[in-house]
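Below is one structure, written out as structure tokens; comments come after it.
Values in this text are rule-based calculations from the coordinates and carry no lab data. Since we're looking at a predicted model, the values are computed, not measured. As a convention, Cβ positions derive from the backbone with ideal geometry for all residues, glycine included, and neighbour counts pool all protein chains shown.
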Amino acid sequence: LLSKRIRSSNFTIHEKKLLYQLMEQYGTINEDKNTDNMTIKKKEDAWVQLTADFNASVGIKDKRDVNSLKACWKNLKAKAKKDTAQERRDTFLTGGGPPTGEIDSLKHYEQQFIYLLNI
């Protein structure tokens, strides 16, 4: 029988901010679109080093593995792109009233990420 995957705890705001900060350092390697063997090896090495740095950081109680950090990063990217698209749509809405944007504690990091990737 297949064993059930053990679910780890959700990423905290602190952990997400830390991941954003580490991706500023490792992002150019990890976001490289090339798929040759040398680039793939560099990406794997960068993710291993990023994971080691993440787990060695202050305030990290649950050790994370490479796959969980990759999944979290993928989700953060998707959320940032979605939020950016929504902001663009909101700027072209007509009518009065206050802005519809929500305050998000990760907004600053999202904006830095979008600037880095030029989305």
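Assorted remarks:
- Close contacts from the range 54-81, counting a first residue that is in a helix (DSSP H, G or I) and a second that is among the small types (Gly, Ala, Ser), with Cβ to Cβ under 8 Å and a gap of 6+ residues or different chains, come to 68/8.
- In the range 1-28, the residues that are hydrophobic (A, V, I, L, M, F, W, C) and either in a loop (DSSP other than H, G, I, E, B) or touching a Phe, Trp or Tyr at 6+ places or on another chain (Cβ under 9 Å) (or both): 1, 2, 6, 11, 18, 19, 22, 23
- Taking the conditions (1) in contact with a helix residue (DSSP H, G or I) (Cβ under 7 Å, 6 or more places away or on another chain); (2) more than 24 Å from residue 6 (Cα to Cα) in turn, residue 79 satisfies each one other than (1).
- The residues in the range 53-73 that are of a type in the set (Gly, Ala, Ser) and over 13 Å from residue 18 (Cβ atoms) can be counted, and the count is 2.
One line per residue, one yes/no per condition, for (1) under 17 Å from residue 107 (Cβ atoms); (2) surrounded by 14 or more Cβ atoms within 10 Å (Cβ to Cβ); (3) of a type in the set (Lys, Arg):
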{"position": "56", "(1), (2), (3)": "no, no, no"}
{"position": "59", "(1), (2), (3)": "no, no, no"}
{"position": "70", "(1), (2), (3)": "no, yes, yes"}
{"position": "75", "(1), (2), (3)": "yes, no, no"}
{"position": "83", "(1), (2), (3)": "yes, yes, no"}
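- Within the range 29-42, being more than 18 Å from residue 78 (Cα to Cα) and in a helix (DSSP H, G or I) holds for 29, 37, 38, 39, 40, 41, 42.
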